[in-house]
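S.K.: Pasting in a structure now, in C-alpha coordinates, and then I'll have a few things to ask.
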Amino acid sequence: MSDTLEFTIDKFTFRVRTDRLYTDEGLWVLEQDGTLRIGLSDYLQQHSGDVAFVDARPVGTRLAAGDTLFTIETIKVTSDLHSPAAGVISAVNPDMVTAPEKVNSQPYEEGWVCELSPESWESARTQLLRPETYFEKIQQDAAKELEKDGD
(Lines give C-alpha, C1' and ligand atoms only; values in the text may rest on other atoms or scores of the structure.)
Protein backbone atom coordinates (compact mmCIF):
# COMPACT_ATOMS: atom_id res chain seq x y z
CA MET A 1 0.00 0.00 0.00
CA SER A 2 1.26 3.46 -0.87
CA ASP A 3 2.04 5.84 1.98
CA THR A 4 -0.03 8.51 0.22
CA LEU A 5 -3.55 8.44 -1.21
CA GLU A 6 -4.14 11.07 -3.87
CA PHE A 7 -6.74 12.32 -6.29
CA THR A 8 -6.94 15.15 -8.79
CA ILE A 9 -10.01 17.24 -9.37
CA ASP A 10 -10.01 20.10 -11.82
CA LYS A 11 -6.41 21.38 -11.64
CA PHE A 12 -5.79 20.45 -8.01
CA THR A 13 -4.14 17.30 -6.66
CA PHE A 14 -4.83 16.41 -3.04
CA ARG A 15 -2.74 14.02 -0.95
CA VAL A 16 -3.58 12.15 2.24
CA ARG A 17 -0.73 10.52 4.16
CA THR A 18 -1.67 7.06 5.39
CA ASP A 19 0.59 7.02 8.47
CA ARG A 20 -1.63 9.36 10.50
CA LEU A 21 -5.21 10.03 11.55
CA TYR A 22 -7.39 13.03 10.70
CA THR A 23 -9.97 15.28 12.30
CA ASP A 24 -13.21 16.01 10.53
CA GLU A 25 -12.09 19.62 10.03
CA GLY A 26 -8.88 18.56 8.29
CA LEU A 27 -6.06 18.40 10.82
CA TRP A 28 -3.67 15.46 10.71
CA VAL A 29 -2.51 13.77 13.91
CA LEU A 30 0.64 11.67 14.08
CA GLU A 31 1.32 9.81 17.32
CA GLN A 32 5.04 9.55 18.14
CA ASP A 33 6.13 8.03 21.45
CA GLY A 34 3.05 9.25 23.32
CA THR A 35 3.10 12.75 21.78
CA LEU A 36 0.73 13.94 19.06
CA ARG A 37 2.24 16.03 16.26
CA ILE A 38 -0.52 18.05 14.55
CA GLY A 39 -0.76 19.97 11.28
CA LEU A 40 -3.08 20.87 8.42
CA SER A 41 -3.91 18.26 5.82
CA ASP A 42 -2.99 18.96 2.23
CA TYR A 43 -6.68 19.40 1.38
CA LEU A 44 -7.28 21.90 4.20
CA GLN A 45 -4.20 23.98 3.41
CA GLN A 46 -5.07 24.13 -0.32
CA HIS A 47 -8.70 24.91 0.43
CA SER A 48 -7.76 27.68 2.89
CA GLY A 49 -5.20 29.41 0.68
CA ASP A 50 -1.68 30.66 1.35
CA VAL A 51 -1.05 30.75 5.10
CA ALA A 52 0.28 34.15 6.15
CA PHE A 53 0.07 33.74 9.91
CA VAL A 54 -0.26 30.92 12.45
CA ASP A 55 -1.19 31.75 16.02
CA ALA A 56 -0.57 28.66 18.16
CA ARG A 57 -1.43 28.50 21.83
CA PRO A 58 1.74 28.60 23.97
CA VAL A 59 3.63 25.58 25.27
CA GLY A 60 2.15 24.50 28.60
CA THR A 61 -1.43 25.39 27.67
CA ARG A 62 -3.90 22.76 28.88
CA LEU A 63 -6.74 22.06 26.46
CA ALA A 64 -9.93 20.05 26.43
CA ALA A 65 -10.76 18.17 23.24
CA GLY A 66 -12.40 20.68 20.91
CA ASP A 67 -10.74 23.78 22.39
CA THR A 68 -9.02 26.13 19.94
CA LEU A 69 -5.53 24.75 19.36
CA PHE A 70 -4.34 27.38 16.88
CA THR A 71 -5.61 29.94 14.39
CA ILE A 72 -4.50 30.32 10.78
CA GLU A 73 -4.81 33.47 8.72
CA THR A 74 -4.84 33.48 4.94
CA ILE A 75 -5.98 35.98 2.33
CA LYS A 76 -9.24 34.00 2.12
CA VAL A 77 -10.02 33.11 5.74
CA THR A 78 -9.15 33.28 9.40
CA SER A 79 -9.89 29.91 10.96
CA ASP A 80 -9.75 28.53 14.48
CA LEU A 81 -8.69 24.89 14.44
CA HIS A 82 -9.48 22.61 17.32
CA SER A 83 -7.63 20.17 19.51
CA PRO A 84 -8.26 16.52 18.63
CA ALA A 85 -7.64 15.47 22.24
CA ALA A 86 -7.43 16.78 25.78
CA GLY A 87 -3.87 17.45 26.83
CA VAL A 88 -1.04 19.94 27.19
CA ILE A 89 0.79 21.66 24.33
CA SER A 90 4.35 20.39 24.57
CA ALA A 91 5.90 22.07 21.50
CA VAL A 92 5.15 24.67 18.86
CA ASN A 93 6.98 24.55 15.55
CA PRO A 94 9.27 27.64 15.57
CA ASP A 95 8.88 27.85 11.77
CA MET A 96 5.29 28.97 12.31
CA VAL A 97 6.62 32.37 13.39
CA THR A 98 9.26 32.84 10.71
CA ALA A 99 7.98 30.67 7.83
CA PRO A 100 4.26 29.88 8.16
CA GLU A 101 4.17 29.21 4.41
CA LYS A 102 5.66 25.78 5.21
CA VAL A 103 2.07 24.80 6.10
CA ASN A 104 1.38 25.13 2.34
CA SER A 105 4.66 23.91 0.87
CA GLN A 106 5.27 20.97 3.23
CA PRO A 107 2.02 20.26 5.10
CA TYR A 108 3.02 16.74 6.21
CA GLU A 109 6.68 17.44 6.93
CA GLU A 110 8.16 20.78 8.05
CA GLY A 111 4.73 22.43 8.11
CA TRP A 112 3.55 20.79 11.33
CA VAL A 113 2.12 23.31 13.80
CA CYS A 114 2.34 21.91 17.33
CA GLU A 115 2.69 18.88 19.55
CA LEU A 116 0.29 17.81 22.27
CA SER A 117 0.83 15.48 25.22
CA PRO A 118 -2.60 13.83 25.33
CA GLU A 119 -4.39 12.87 28.52
CA SER A 120 -6.14 9.85 27.03
CA TRP A 121 -4.91 9.05 23.53
CA GLU A 122 -6.71 5.70 23.35
CA SER A 123 -10.13 7.29 23.79
CA ALA A 124 -9.29 10.36 21.67
CA ARG A 125 -8.07 8.28 18.74
CA THR A 126 -11.50 6.64 18.40
CA GLN A 127 -12.90 10.07 17.47
CA LEU A 128 -10.46 10.53 14.57
CA LEU A 129 -10.80 9.44 10.95
CA ARG A 130 -8.67 6.74 9.38
CA PRO A 131 -6.81 7.98 6.27
CA GLU A 132 -9.12 6.08 3.90
CA THR A 133 -12.23 7.56 5.53
CA TYR A 134 -10.81 11.08 5.41
CA PHE A 135 -9.79 10.51 1.77
CA GLU A 136 -13.37 9.55 0.85
CA LYS A 137 -14.73 12.56 2.75
CA ILE A 138 -12.54 15.10 0.95
CA GLN A 139 -13.24 13.52 -2.43
CA GLN A 140 -16.97 14.02 -1.77
CA ASP A 141 -16.42 17.55 -0.44
CA ALA A 142 -14.30 18.54 -3.46
CA ALA A 143 -16.82 17.08 -5.92
CA LYS A 144 -19.70 18.96 -4.22
CA GLU A 145 -17.73 22.20 -4.30
CA LEU A 146 -16.85 21.76 -7.98
CA GLU A 147 -20.51 21.04 -8.76
CA LYS A 148 -21.61 24.13 -6.78
CA ASP A 149 -19.05 26.32 -8.58
CA GLY A 150 -20.31 25.01 -11.93
CA ASP A 151 -23.86 26.15 -11.26
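S.K.: Net charge near residue 135, counting Lys/Arg +1 and Asp/Glu -1 over other residues with Cβ under 14 Å of its Cβ?
M.R.: Local net charge: -3.
S.K.: Once phi is turned into θ = phi - 60°, what whole-Hz ³J(HN,Hα) does the Karplus curve with 6.51, -1.76 and 1.60 give for every residue of segment 70-81, x standing for Gly and Pro?
M.R.: 7, 10, 10, 10, 10, 5, 7, 8, 10, 10, 7, 10
S.K.: Could you give the accessible area per residue of segment 29-73, probe 1.4 Å, as a whole number in Å²?
M.R.: With the other protein chains kept in place, segment 29-73 gives 45 Å² per residue.
S.K.: Could I ask something else about it? Quick check: residue separation of residue 148 and residue 130 times 0.36 nm, minus the Cα distance between them. What number comes out in nm?
M.R.: Full extension from residue 148 to residue 130 adds 3.8 nm.
S.K.: While we're here: Over the Cα atoms of the chain, Rg to Rh with Kirkwood Rh, two decimal places?
M.R.: Ratio value, two decimals: 0.96.
S.K.: Length gain on complete extension for the stretch residue 119 to residue 24, per 0.36 nm per residue less the alpha carbon to alpha carbon distance?
M.R.: Residue separation times 0.36 nm, minus the Cα-Cα distance, leaves 32.2 nm.
S.K.: Packing-wise, with mean Cβ within 10 Å as the measure, how do 121-128, 89-96, 35-42 rank, highest first?
M.R.: Packing proxy ranking, top to bottom: 35-42, 89-96, 121-128.
S.K.: Quick check: at a probe of 1.4 Å, how many percent of the accessible area of segment 34-120 sits on carbon and sulfur atoms?
M.R.: Of the solvent-accessible surface of segment 34-120, carbon and sulfur hold 51 percent.
S.K.: Quick check: residue separation of residue 33 and residue 64 times 0.36 nm, minus the Cα distance between them. What number comes out in nm?
M.R.: 9.1 nm
S.K.: 222 nm [θ] for the chain, helices only, -39500 (n - 2.57) per DSSP H run of 4+, per residue, to 500?
M.R.: -7000 deg cm²/dmol
S.K.: If we count every other residue with Cβ under 14 angstrom of residue 77's Cβ, Lys/Arg +1 and Asp/Glu -1, where does the sum land?
M.R.: -4
S.K.: Checking the cross-link filter: which aspartates and glutamates have an alpha carbon closer than 14 Å to that of residue 148, excluding same-chain neighbours under 8 positions apart?
M.R.: Leaving aside aspartates and glutamates fewer than 8 places away in the same chain, those within reach of residue 148 are 10.
S.K.: Something else now. In square nanometres and to one decimal, what's the mean projected area of the convex hull around the Cα atoms of segment 38-86?
M.R.: Averaged projected hull area, Cα only: 3.3 nm².
S.K.: I need the P(r) histogram for segment 1-82: all alpha carbon pairs, bin width 10 Å from 0 out to the longest distance, whole percents.
M.R.: Pairs per bin, as whole percents: 15, 45, 32, 8, 0.
The values are calculated or read from the model by the stated rules, or taken from the named source; none is laboratory data. All figures in this text were calculated on a predicted structure; none of them were measured in a lab. FYI the Cβ positions are ideal-geometry reconstructions off the backbone, even for glycines, and counts take in every protein chain you see. When the accessible area is computed, the model is the full protein with side chains, heavy atoms only, and any ligands, DNA or RNA have been set aside. Shrake-Rupley method; radii C 1.70, N 1.55, O 1.52, S 1.80 Å.
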